[in-house]
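Here the structure is laid out as structure tokens; the discussion comes afterwards.
Just so you know, all these numbers are worked out from the coordinates, no wet-lab data involved. Note that the structure is a prediction, hence the values are computed from the model and not measured. Heads up, the Cβs are rebuilt from the backbone with ideal geometry, glycines too, and the neighbour counts pull from every protein chain shown.
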Amino acid sequence: MCARLANMGITDKNVLDAMTDVPRHWFIDSLHKSLAYEDVAISIDCEQTISRPSTVAIQSQALEVKKDMKVLEVGTGSGYQTAILCAMGARVFTIERQHGLFIKTKALLDALHYKAKCFLGDGYKGLTEVDYSPYDRIIITCGAPYVPEALMKQLKVGGIMVIPVGEQQQEMLSITKNGESPEEWIQKPYGNFKFVPMLDGRQFQHRRRP
């Protein structure tokens, strides 16, 4: 799998090493384990998916993570991207809005000794009531119709957000925040992708749990 990713243009050794070290099949139900190392998205609980390995690699490389950076992940999902970020040396804070998936994935990450801080909550808001922001990096692993203002406010000046933006299909963007004004944000496109939608707070009915 990692040899294929290198051939596709993934050059960040930190990304390739993390994807070598983190077995993808740990995050996939037994029914689909035969597909664990194919470049396909796979259904998981709560009508969500685990992204293609190539998508995880592209987002991780675009994020330009360095050791001990604080990274906010919106959309914990299966926990695979979370584990990759941990293996890259990041201090990860991750939000999941689906209660059942949050419980299952937090238990899995704990059992596998990935030291991410997991929260149940509305990803559009980030982590407003805990004193973790601002973040060096923010990654969104679901399709957002627009760039959430609250998340940009939680990103450090000089930080990078990687986010797929669009409705039916999304354009992957990295946004470098060179100042507080949107005119100072530099966007770089990484092509078109298709993610499950990022849902807003009106569709969230559970309280956040640390």
(message) From zero outward in steps of 5 Å, how is the percent of C-alpha pairs of the chain spread across the bins?
(response) 1, 8, 16, 21, 23, 18, 9, 3, 1, 0
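Can you tell me the alpha carbon radius of gyration of the stretch 1-119 divided by the globular rule-of-thumb value 2.2 N^0.38 Å?
My calculation over the Cα atoms of the stretch 1-119 gives 0.98.
Just want the ordering: Tyr146, Tyr114, Tyr37, Tyr135, from fewest to most Cβ atoms lying within 10 Å of their own Cβ. Each step should come with its number before you reach the end.
Details: Tyr146 11, Tyr114 19, Tyr37 15, Tyr135 24.
Placing the least packed residue first, the sequence is Tyr146, Tyr37, Tyr114, Tyr135.
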(message) Connecting C-alpha atoms closer than 10 Å in a GNM of the chain, tell me which of Asp29, Asp110, Asp131 has the biggest fluctuation.
(response) Asp131
(request) Provide Lys66, Lys125 in ascending order of the number of other Cβ atoms located within 10 Å of each residue's Cβ, fewest first. (result) Lys66, Lys125
(request) Taking the Cα centre of the stretch 2-198 as origin, work out the dipole magnitude from +1 charges on Lys and Arg Cβ and -1 charges on Asp and Glu Cβ, in debye rounded to 20. (result) 400
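Please compare each pair in Lys13/Lys70; Lys106/Lys153; Lys33/Lys125; Lys67/Lys125 to a cut-off of 30 Å on the Cα-Cα distance and tell me which ones are over it. Walk me through the intermediate numbers first.
Details: Lys13/Lys70 20 Å; Lys106/Lys153 26 Å; Lys33/Lys125 34 Å; Lys67/Lys125 25 Å.
Lys33/Lys125, as the Cα separations exceed 30 Å there.
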(request) Please name whichever of Tyr190, Val162, Thr128 sits farthest to the positive end of the charge dipole of the chain, dipole taken about the Cα centre and charges placed at Cβ: Lys and Arg +1, Asp and Glu -1. (result) Thr128
(request) Indicate, rounded to the nearest 5 percent, the antiparallel portion of the DSSP beta bridges found entirely in the chain. (result) 45
